[in-house]
Amino acid sequence: MVDFGIPIGAGIAFGLGALGTGIAQSKIGAAGAGTIAEKPETFGLMIILVAIPETLVILGFVVASMIMIMLV
Amino acid sequence: MEYAYVNARIRAMKSRLLGRPFLEQLINKPDVDSIIADLERTSYREELERAGVQFSGINRVEVAIRNDLIRAFRAILGFIKGGEEENLLTLILQRWDVQNIKTILRGKKIHAPASEILDCLIPAGELGEAALTELVKQPDVKAIIDLLATWGVPYARPLTRNFKEYSETRDMLVLEYAIDTFYFEHALSTLKSRDTEDNRIIREMLVTEIDINNLRTVFRVIRDRMDREDAKKFFMKGSSELDTETLYSMVKAGTLEGALKLLEPTSYRFLSGIPQEYVSAEKISAFEKELDRYLVRKGISQFLGDPLSIAIPIGYIWAKYAEVTNIRIIARCKQSGVPDKELREALINV
């Protein structure tokens, strides 16, 4: 019998991280677009700032992977 | 509306505003031409070049900074176009319509030349430069009110209603009070419809303006020894801190010292810091200047408010207004050879 709790837990860990990243990037992206419109020289900095929330989804992925290893 | 985008843009625009060191640099310049040379290295360059086609010297600076201010305000309105926020910001920009109409009426009453009246206007509201020029061309106060009514401008209503009283007394305060009351009542009633953080911010700014207008009236009534009962009808309602009763008791105090004592428990206690010689000489221009500075400071301090609210556009509007006013003061003082010490005192220090 497969334990569905483990893949569901992994899915939640990854999915919530991705959602958090999406919300954060939408706000940062909008603000970044506004800043670049006025100051094009900040483009490089904005790319970095938009990328920072990616850590959330990466951490979610790592946790999900660790959970999935339990299945093996 | 996406405040993250709009406010980031406005903050970027704010970073281009000229700081205190640059203003000091302008103060140290010997004449208007060297001020223009310095300003040409800033964001004013484009407008200075345009104005340079028709004007030179002080007029070039005046026209350029005025057009730059209008362009900045129009840009902000463009960012937030279509939303509820546009209506809120328009409420604040309409104060310049009221100010312009009052300036034109005052100018016409004292038969000031059209060019002088136009120099004092800031077409940042809904009445653009063309409309204001047409108003200035009118021969008298009655013709201005009639033209506003023909255009369907709402401010014509309070002016028409009170014109009879004005023509009997020839007191401009009657018309000024009528238009101010109309503007503030309309703005505050618009804000009542929703109880949001944005509405609260705009209401706070409007109430501060009401307080400042009322305090100006109190100081003038005391200085001119006007009838105390008459004064009561010129107080505008809307503020809880300085209600009609408090203002009336200030008038009853009879002296500026007495009125200032009554302001001690309020946020206007800073007026007590005005030098005693101005108070004894009843030089209320010093009080008015201090109140103007307070309003500008309060507007600019909105930058410290919620970064995802209308506080940021409001803060920028006041910061830009302060900058343009300061440049105008510096250029005019340099033109007329005012000493640097007096020039620094005249600036809006923010």
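For residue B:86, state whether it is out of contact with any Pro (no Cβ under 9 Å at 6 or more places or on another chain), surrounded by 13 or more Cβ atoms within 10 Å (Cβ to Cβ), without any contact (Cβ under 8 Å) to a residue 12 or more places away in the chain and within 14 Å of chain A (Cβ to nearest Cβ).
Values: out of contact with any Pro (no Cβ under 9 Å at 6 or more places or on another chain): yes; surrounded by 13 or more Cβ atoms within 10 Å (Cβ to Cβ): yes; without any contact (Cβ under 8 Å) to a residue 12 or more places away in the chain: yes; within 14 Å of chain A (Cβ to nearest Cβ): no.
The answer is no for residue B:86.
Please work out which one of (1) crowded, with 21+ Cβ neighbours inside 10 Å; (2) more than 22 Å from the chain's Cα centre (by Cα); (3) not charged (D, E, K, R) is the condition residue B:169 fails and give its number.
Here residue B:169 clears every test but (1).
Test of understanding: among B:295, B:291, B:304, which residue is surrounded by fewer than 14 Cβ atoms within 10 Å (Cβ to Cβ) and modelled with pLDDT of 90 or more? Steps first, please.
Details: B:295 fails: surrounded by fewer than 14 Cβ atoms within 10 Å (Cβ to Cβ); B:291 fails: surrounded by fewer than 14 Cβ atoms within 10 Å (Cβ to Cβ).
Just one listed residue meets the conditions, B:304.
Taking the stretch B:79-113 as the region of interest, how many residues are of a type in the set (Lys, Arg) and outside any helix (DSSP H, G or I)? Break it down into steps so the answer makes sense when it comes.
Initial filter on the stretch B:79-113 (of a type in the set (Lys, Arg)): B:81, B:95, B:102, B:106, B:108-109.
From what's left, outside any helix (DSSP H, G or I): B:81.
Residues in the stretch B:79-113 being of a type in the set (Lys, Arg) and outside any helix (DSSP H, G or I): 1 in total.
Please go through the stretch A:25-48 and pick out each residue that is under 13 Å from the mean Cα position of the chain (by Cα) and surrounded by fewer than 17 Cβ atoms within 10 Å (Cβ to Cβ).
Of everything in the stretch A:25-48, just one residue is under 13 Å from the mean Cα position of the chain (by Cα) and surrounded by fewer than 17 Cβ atoms within 10 Å (Cβ to Cβ), namely A:26.
Using the structure shown, decide if residue B:264 is farther than 30 Å from residue B:186 by Cα and not in a helix (DSSP H, G or I).
On the way: farther than 30 Å from residue B:186 by Cα: yes; not in a helix (DSSP H, G or I): yes.
Answer is yes for this residue.
Residues being under 20 Å from residue B:182 (Cα atoms) and surrounded by 18 or more Cβ atoms within 10 Å (Cβ to Cβ): count how many of those fall in the stretch B:219-246. If you could, list the steps in order and put the result at the bottom.
Residues of the stretch B:219-246 that are under 20 Å from residue B:182 (Cα atoms), as a first pass: B:230-240, B:242-244.
Still in the running and surrounded by 18 or more Cβ atoms within 10 Å (Cβ to Cβ): B:231, B:234-236, B:238-239, B:242.
So the count comes out to 7.
Are any of the residues in the stretch B:288-305 outside the structural domain of residue B:221 (by TED's automatic domain parsing), in contact (Cβ under 8 Å) with a residue 40 or more places away in the chain, among the hydroxyl-bearing types (Ser, Thr, Tyr) and not in a loop (DSSP other than H, G, I, E, B)?
Start the filter on the stretch B:288-305 by keeping residues that are outside the structural domain of residue B:221 (by TED's automatic domain parsing), which leaves none.
Looking through the stretch B:288-305, none of the residues is outside the structural domain of residue B:221 (by TED's automatic domain parsing), in contact (Cβ under 8 Å) with a residue 40 or more places away in the chain, among the hydroxyl-bearing types (Ser, Thr, Tyr) and not in a loop (DSSP other than H, G, I, E, B).
Is one or more of the residues making up the stretch B:18-26 under 22 Å from residue B:302 (Cα atoms), within 14 Å of another protein chain (Cβ to nearest Cβ) and surrounded by 14 or more Cβ atoms within 10 Å (Cβ to Cβ)?
no
Of all helices (runs of 4 or more DSSP H) completely enclosed by chain A, which ones contain at least 1 residues that are polar (S, T, N, Q), under 30 Å from residue B:6 (Cα atoms) and within 14 Å of chain B (Cβ to nearest Cβ)? First the steps, then the outcome.
Numbers: elements: A:5-38, A:43-51, A:54-69.
Once the helices (runs of 4 or more DSSP H) in chain A are filtered for at least 1 residues that are polar (S, T, N, Q), under 30 Å from residue B:6 (Cα atoms) and within 14 Å of chain B (Cβ to nearest Cβ), what remains is A:5-38.
The values are calculated or read from the model by the stated rules, or taken from the named source; none is laboratory data. Computed from a predicted structure; not experimentally measured. Note that we place each Cβ from the backbone using ideal geometry, even for glycine, and neighbour counts take in every protein chain shown.
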